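Just so it is clear, none of the values below were taken in a lab; they were calculated from the coordinates. Given the structure is predicted, the values throughout are model-derived calculations rather than measurements. FYI the Cβ positions are ideal-geometry reconstructions off the backbone, even for glycines, and counts take in every protein chain you see.
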Amino acid sequence: MAEEGKSGFKSGFVSIIGRPNAGKSTLLNFLLGEKVAIISDKPQTTRNRILGIKNQAAGQIIFFDTPGIHRSRSRLNQSMVKVALATYNEVDAICLLMEADRPDNDENDFILETLQAVEKPVLLVVNKIDLIPKNDLLPIMERYSRLRFFEQIIPISALRGEGVEILVAELFKILPEGPKLFPEDMITDLPERFLAGELIREKVFRLTREEIPYATAVVVEEFKEREGKNLIVIKATIQVERDSQKGILIGGKGRMLKEIGRLARKEIEALLGARVFLELWVKVEKNWREDPRALRRLGYE
Ligand code: GDP
Ligand code: MG
């Protein structure tokens with residue numbers, strides 16, 4: 001239902017920003033009720049701007065999930081941060097996620113600096129409230145409220161979905177009246193090919209540690225539907241920076257690669273609603289994270 005006192009439908013763009021691991025992708029997925037953004041317990045999982053469309057009777061909100069904003073030296077990470085900052089100019093409102101269980105996080109200072117000249121409404125979303133005792137919430141919100149002017153401060157648990165409805169209602173108060181910008185059955189503008197590659201990358205994040213997830217990129221080389229068979233053949237290359245990383249990704253008797261493939265295939269099948277034949281290769285591409293041409297080829301720049 002449209003808001004009382006105002007006629008008509010609302011629509012607009014909203015960016016979800018925050019430090020790495022704040023729960024941005026978890027929030028986007030909960031908002032959409034579908035997994036369009038991959039998630040891990042490691043920082044810097046999201047590398048691109050992920051668009052997600054939420055339809056309600058009151059209107060349509062187009063969300064941007066973004067890479068975590070952090071001070072960084074590597075070229076890849078700097079481009080990731082740029083992607084997040086660039087959304088400031090494109091949106092009607094910004095949701096800044098901070099974590100309820102990490103009130104002393106000085107990484108947030110840097111994010112506030114990037115917002116200094118920004119005149120768009122900024123909502124502070126205090127995420128992960130399921131991790132703190134209820135009584136701690138008010139003092140934490142009070143503390144956060146002194147950091148800057150926020151349009152609203154909304155406590156949520158993106159994991160459990162608590163408070164998310166309130167967040168959406170607050171956003172609709174801010175958004176302008178406008179037409180439906182995307183068709184109702186569309187939840188993202190990302191091609192299935194990209195999502196398949198991301199699900200493979202997510203499994204690498206889940207199953208490997210230290211430098212390996214960060215040194216990994218996935219290139220989907222082939223994505224073909226076998227007509228009349230409800231079967232999709234996907235061939236993808238997982239690229240890493242060093243031979244030793246390649247060895248770990250493949251694992252003894254190919255076990256690691258098999259497990260990555262098995263977990264990814266299950267999720268890609270659920271996503272596409274088809275059987276999937278997934279073939280994975282591992283390739284060494286030295287220093288790709290600092291190589292502008294490699295970054296462009298991968299879509300990171
Ligand atoms: P992003 O880097 O900001 O996109 O963060 P992710 O969405 O990838 O989440 C990072 C980690 O935080 C994952 O392990 C999530 O399961 C976890 N997480 C996200 N939201 C919540 C929450 O509300 N409560 C709890 N307990 N964990 C959360
Ligand atoms: Mg993310």
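Quick notes on this structure:
- For ARG289, the shell of other residues with beta-carbons less than 13 Å away shows a net charge of +2, using +1 for Lys and Arg and -1 for Asp and Glu.
- Each residue, MET186 and LEU159, gets one label point 7 Å from its Cα in the Cβ direction; the gap between the two is 3.4 nm.
- With 0.36 nm allotted per residue and the present C-alpha distance subtracted, the PHE110-SER74 stretch has 11.3 nm of extension available.
- Hull shadow area, averaged, the range 10-174 [alpha-carbon convex hull, nm²]: 8.8 nm²
- The residues packed around THR216, meaning those with a beta-carbon under 13 Å from its beta-carbon, carry a net charge of +4 if Lys and Arg are +1 and Asp and Glu are -1.
- Choice from ILE212, ILE154, ILE132 showing the highest fluctuation, given a GNM over the chain with Cα pairs closer than 10 Å: ILE132
- Against the rule of thumb 2.2 N^0.38 Å, how large the Cα Rg of the chain comes out: 1.05
- The count of lysine pairs in the range 116-220 with alpha-carbon distances below 26 Å, taking only pairs 8 or more places apart or on different chains, stands at 5.
- Each residue in MET186, MET256 was given a count of other beta-carbon atoms within 10 angstrom of its own, and listing them fewest first yields MET186, MET256.
- Order of ASP65, ASP109, ASP130 under a 10 Å beta carbon neighbour criterion, fewest first: ASP109, ASP130, ASP65
- Alpha-carbon centroids, the range 77-132 and the range 238-295: separation in whole Å: 31 Å
- Restricted to Cα atoms, the range 192-297 shows a radius of gyration and a Dmax of 13.8, 43 angstrom.
- Candidates GLN60, GLN116, GLN44: whichever shows maximal mean-square fluctuation once the chain is modelled as a Gaussian network with Cα springs under 10 Å: GLN116
- Taking amide H atoms as placed 1.01 Å from N in the peptide plane, the amide H of GLU99 lies under 5 Å from those of ASN127, each 5 or more residues away in sequence or on another chain.
- Taking the charge dipole of the range 214-279 about its Cα centre, with +1 at Lys and Arg Cβ atoms and -1 at Asp and Glu Cβ atoms, the residue from GLY254, VAL276, ALA215 reaching farthest to the positive side is GLY254.
- Its DSSP H runs of at least 4 residues, each contributing -39,500 (n - 2.57), put the calculated 222 nm mean residue ellipticity of the chain at -10000 deg cm²/dmol, to the nearest 500.
- The radius of gyration of the Cα set in the range 9-99, together with its Dmax, comes out at 12.8, 44 angstrom.
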